[in-house]
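Here's the structure, in structure tokens; my notes come after.
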Amino acid sequence: MTFCIITHVIHGRDNEQFFAYSPYVKEMNVWIKHVDKVIIVAPLKHLEKNKIHLAYRHPNIEFRAVPDFNLNGLKATLRSLFLLPKLLWMIYRAMSVSQHIHLRCPGNMGLLGCIVQLFFPSTIKTAKYAGNWDPQSKQPFSYRLQKRILSHPFWTRRMQVLVYGDWPNSTKNIKPFFTASYFESDKSAVTPRNLESAVDFLFVGTLAPGKQPIYALQLIEKLKAKGFDVRLTLYGEGVERSNLEKYIEQNQLDSFVFLKGNQEQSTIKEAYRNSHFVILPSKSEGWPKVIAEGMFWGCLPVSTAVSCVPSMLNFGKRGVLLTGVIEDDIKMLMTVLNDNEEYSNKVSKAVNWSRIYTLDLFEAEIQKLLVP
């Protein structure tokens with residue numbers, strides 16, 4: 001079987017290997033493990049491979065590089081319109097020689113893939129919508145257009161659309177799904193933690209406005225001011241780093257707030273195992289891996305109620321759901337920090353739930369999707 005991936009994810013090349021953002025490639029390596037040939041249609045740039053990258057593992061990969069494009073501003077939009085015929089043709093050619101078409105959405109390439117796949121009604125297809133599928137959420141027009149096409153069975157013949165969460169009034173081709181980071185063999189005893197000494201919070205992810213790392217920092221700052229012995233460690237890089245550094249310096253927070261940058265997955269895993277909370281005050285998510293990973297190692301999630309996160313946290317029984325109103329969120333966190341027994345109870349429920357969703361189960365479900 002020739003398996004065709006249409007994605008907006010930016011790739012790099014290291015000798016004969018292609019690499020990209022680690023969580024994405026780790027998942028795709030599970031998909032391509034069961035196919036004969038892989039065609040990847042995606043942007044390719046001169047990237048310096050670093051700790052957040054991972055290479056594909058497959059002996060037969062054909063990479064068809066397309067220009068990176070976006071619609072941010074008049075100049076970029078005009079350039080994109082100029083490139084559009086070439087992009088559509090490249091996607092069409094790749095799909096025409098494939099037995100399984102896999103779209104990664106939402107994204108610019110995913111949108112074009114949604115359109116071109118209309119010409120292949122008899123080809124088996126899957127689409128992974130890695131963003132927020134919540135019908136009530138506010139999203140850009142291009143995202144809403146992709147969701148509209150993908151949720152229409154007539155326009156998506158022989159396609160299963162994998163989404164995060166189980167949403168009402170979904171069409172028959174929409175399949176609630178999940179993602180995973182660890183195998184059954186990774187399961188080991190969770191390090192016992194209590195709230196009687198210093199309490200460690202983690203932020204793991206891109207330091208971007210949408211992830212709101214500043215809000216995470218402000219929560220810890222206010223808890224500290226109320227007398228709680230708390231610390232925050234942030235892992236990741238991004239455009240918000242300079243703002244965070246400035247805020248830390250101006251408010252003299254460097255004794256309990258630490259910026260660690262990008263780190264190996266082994267380092268992140270140890271941080272989960274030894275911290276009390278993982279905090280993600282993000283404005284939008286799909287299935288946030290950092291939340292599921294933290295839960296796997298007994299690190300209680302503190303997250304905004306976006307996408308399927310309320311379900312993941314069982315509406316607060318397996319974590320803390322932030323409101324975005326800092327006074328209310330501080331009160332909720334204080335309640336948890338003052339009740340060690342309730343904290344331990346939530347942690348136990350979080351661990352038990354997250355350890356259902358292993359890479360072993362993920363691979364078994366993927367194999368079912370690949371059967372003609």
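Residues that are buried (at least 22 other Cβ atoms within 10 Å of the Cβ) and touching a residue at least 60 places away in the same chain (Cβ under 8 Å) within the stretch 289-303 comprise Val290, Ala292, Glu293, Gly294, Phe296, Trp297, Gly298, Cys299, Val302, listed in sequence order.
Condition check ((1) buried (at least 17 other Cβ atoms within 10 Å of the Cβ); (2) among the aliphatic types (A, V, I, L, M); (3) touching a strand residue (DSSP E or B) at 6+ places or on another chain (Cβ under 9 Å)) across all residues:
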position	(1), (2), (3)
Ala271	yes, yes, yes
Asn274	no, no, yes
Trp287	yes, no, yes
Leu321	yes, yes, yes
Val336	yes, yes, yes
Ile356	no, yes, no
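Could you identify the single residue in Phe3, Phe69 that is aromatic (Phe, Trp, Tyr) and modelled with pLDDT under 95? Among Phe3, Phe69, only Phe69 is aromatic (Phe, Trp, Tyr) and modelled with pLDDT under 95. Contact map, the stretch 219-236: residues that are over 9 Å from Val257 (Cα atoms) paired with residues that are surrounded by fewer than 17 Cβ atoms within 10 Å (Cβ to Cβ) and among the basic types (Lys, Arg), Cβ distance under 9 Å, separation 6+ or inter-chain. Pairs shown: Tyr235/Lys260; Gly236/Lys260. Note on the stretch 266-304: among residues that are outside any loop (DSSP other than H, G, I, E, B) and farther than 25 Å from Asn132 by Cα, the one that is modelled with the lowest pLDDT is Ser266. Selection within the stretch 81-132: residues that are of a type in the set (S, T, N, Q) and under 30 Å from Ala305 (Cβ atoms). The member of this set that is surrounded by the fewest Cβ atoms within 10 Å (Cβ to Cβ) is Asn108.
Among the residues of the stretch 241-296, the one identified as among the basic types (Lys, Arg) and in contact with a Pro (Cβ under 7 Å, 6 or more places away or on another chain) is Lys289.
Within the stretch 263-293, being hydrophobic (A, V, I, L, M, F, W, C) and over 11 Å from the mean Cα position of the chain (by Cα) holds for Ile268, Ala271, Phe277, Val278, Ile279, Leu280.
When you scan the stretch 245-265, do you find a residue that is within 29 Å of Leu162 (Cα to Cα), in contact with a Gly (Cβ under 7 Å, 6 or more places away or on another chain) and outside any loop (DSSP other than H, G, I, E, B), even just one? The answer is no; no qualifying residue exists. Please determine, by comparing only the residues of the stretch 178-193 that are charged (D, E, K, R) and in a loop (DSSP other than H, G, I, E, B), which one is farthest from Asn274 (Cα to Cα). This residue is Lys187.
Of all the criteria given as (1) within 22 Å of Val290 (Cα to Cα); (2) buried (at least 18 other Cβ atoms within 10 Å of the Cβ); (3) not aliphatic (A, V, I, L, M), the one not satisfied by Asn194 is (2). Every listed requirement among (1) at pLDDT below 95; (2) at negative phi; (3) of a type outside the set (Lys, Arg) is met by Ser307 save one, (2). Pairs linking a residue in the stretch 1-14 that is farther than 13 Å from Lys49 by Cβ to a residue that is polar (S, T, N, Q), with Cβ atoms under 7 Å and 6 or more positions apart or on different chains, are Met1/Gln99; Thr2/Ser98; Thr2/Gln99; Phe3/Ser98; Cys4/Ser98; His8/Asn108. Mind listing just one residue for me: the one in the stretch 59-80 that is farther than 16 Å from Gly113 by Cα and under 23 Å from the mean Cα position of the chain (by Cα) and, of those, surrounded by the fewest Cβ atoms within 10 Å (Cβ to Cβ)? Per the criteria, the residue is Asn72. A count restricted to the stretch 194-232 and to residues that are in a helix (DSSP H, G or I) and of a type outside the set (D, E, K, R) stands at 12.
Quickly run through the stretch 193-214 and pick out the residues that are more than 27 Å from Ser348 (Cα to Cα) and in contact with a Gly (Cβ under 8 Å, 6 or more places away or on another chain). Listed by number, the residues that qualify are Thr206, Leu207, Ala208.
Just one of (1) at negative phi; (2) in contact with a strand residue (DSSP E or B) (Cβ under 8 Å, 6 or more places away or on another chain) fails for Phe315. It is (1).
Taken over the stretch 25-35, the criterion of being buried (at least 17 other Cβ atoms within 10 Å of the Cβ) and not hydrophobic (A, V, I, L, M, F, W, C) is satisfied by Lys26, Glu27.
The residue that is nearest to His11 (Cα to Cα), counting only those in the stretch 35-57 that are without any contact (Cβ under 8 Å) to a residue 60 or more places away in the chain and among the basic types (Lys, Arg), is Lys45. Scanning the stretch 233-244 for residues that are buried (at least 16 other Cβ atoms within 10 Å of the Cβ), aliphatic (A, V, I, L, M) and outside any strand (DSSP E or B) yields a single hit, Leu244.
The values are calculated or read from the model by the stated rules, or taken from the named source; none is laboratory data. In this text the structure is predicted, and so the values were computed from the model without any measurement. So basically every Cβ, Gly included, is an ideal-geometry build from the backbone, and we count neighbours across all protein chains shown.
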